[in-house]
Amino acid sequence: MVGIGAALFAAGCGSSSTQSVASEPALSAGGSEIGTVSDSADADRDEVGLDATRCIVRLHGKGGSGDATSVDDQGVRSVMPTGNAEAWGGRQWLYFPDDRYDEARDVVSRALEAEGCGVAVVNGFSNGAAFAASLLCAGETFGDIVQGYVIDDPVTDTATADCAPPVDVERALYWTSAIDQPVGTDCGQIDWTCAGGTTVDIETYAAGLETEVIESPNTDHAWYRDAPEIIAFLES
């Protein structure tokens, strides 16, 4: 799957960081299984106080990596876990078949737990965006922690075909058109990671997510880390 390289990932910071805290331990090359936040362990978001830890979960693209958590001057944590599989000299999110989806989900779950997140928005780019869409379609809120998903320039695979997004979870889909492919493109031929093995058009992808396509301010395949919906969803 197309994704930013490690250098672009490191350079494309979104919110300003004033403090760096310990990062989540990266998975081994084999993608070992890790713990999960219990859905029953987290308070319903309506009961979370104003002082709850706010987190943005950043899901990197194929060939990228995670990073240490950073905290901006408003106390918002950018949590940057590392993908569960090797790819392109770095890591990727492998979210199919079911056992790999569970493994990738657990990486995010552990990151939320480790940072004590009370409310969160998931923001994925490229391969990370496709994984984020898969989480949304599975109805994943990590125990009512996640208030929204911002999906940025995803690989438009078939993961949204049978989508069942939670009605009370916000979502936004950004698109640059830079990685647009003909419908039915064989992902193996272009070394992309795609659920179902082929691509769909962006309109079909968006329809599955029950949202509209928002034109990205970027014209190349680059992460729009300052998408306004990220903070808006955190504060909703």
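Counting the residues of region 212-233 that are surrounded by fewer than 19 Cβ atoms within 10 Å (Cβ to Cβ) and either touching a strand residue (DSSP E or B) at 6+ places or on another chain (Cβ under 6 Å) or among the small types (G, A, S) (or both) gives 3. Residues in region 149-168 that are surrounded by fewer than 24 Cβ atoms within 10 Å (Cβ to Cβ) and either without any contact (Cβ under 8 Å) to a residue 24 or more places away in the chain or farther than 16 Å from W93 by Cα (or both): A161, D162, C163, A164, P165, P166, V167, D168.
Per the listing A195, A207, the residue uniquely surrounded by fewer than 18 Cβ atoms within 10 Å (Cβ to Cβ), more than 15 Å from the chain's Cα centre (by Cα) and either more than 18 Å from R105 (Cα to Cα) or touching a residue at least 12 places away in the same chain (Cβ under 8 Å) (or both) is A207. Cβ-Cβ contacts under 6 Å between residues 6 or more apart (or on different chains), taken from a first residue in region 70-89 that is more than 23 Å from F233 (Cβ to Cβ) and assigned to a loop (DSSP other than H, G, I, E, B) to a second residue that is at pLDDT below 95 and of a type outside the set (K, R), are listed as T82/A26; N84/L27; N84/G31. Can you confirm whether G63 is in contact with a strand residue (DSSP E or B) (Cβ under 8 Å, 6 or more places away or on another chain), at pLDDT 95 or above, on the phi < 0 side of the Ramachandran plot and buried (at least 20 other Cβ atoms within 10 Å of the Cβ)? No; evaluated as a whole, the condition is false for this residue.
When you look at E140, is it buried (at least 21 other Cβ atoms within 10 Å of the Cβ) and charged (D, E, K, R), yes or no?
Values: buried (at least 21 other Cβ atoms within 10 Å of the Cβ): yes; charged (D, E, K, R): yes.
Considered against the rule, which asks whether it is buried (at least 21 other Cβ atoms within 10 Å of the Cβ) and charged (D, E, K, R), E140 comes out as yes.
So is R225 assigned to a strand (DSSP E or B), in contact (Cβ under 8 Å) with a residue 12 or more places away in the chain and over 21 Å from D98 (Cα atoms) or not? The answer is no for R225.
Pick from A22, A85, A104, A29: which is at pLDDT below 95 and out of contact with any Asp or Glu (no Cβ under 6 Å at 6 or more places or on another chain)? Show your work before the answer.
On the way: A85 fails: at pLDDT below 95; A104 fails: at pLDDT below 95; A29 fails: out of contact with any Asp or Glu (no Cβ under 6 Å at 6 or more places or on another chain).
Every option except A22 fails the conditions.
Determine whether region 85-95 contains at least one residue that is of a type in the set (F, W, Y) and under 17 Å from V108 (Cβ atoms). Yes, region 85-95 contains a residue that is of a type in the set (F, W, Y) and under 17 Å from V108 (Cβ atoms).
The values are calculated or read from the model by the stated rules, or taken from the named source; none is laboratory data. What you see is a predicted model; the values in this text were computed from it and never measured. Every residue, glycine among them, receives a Cβ derived from its backbone with ideal geometry; neighbour counts consider all protein chains shown.
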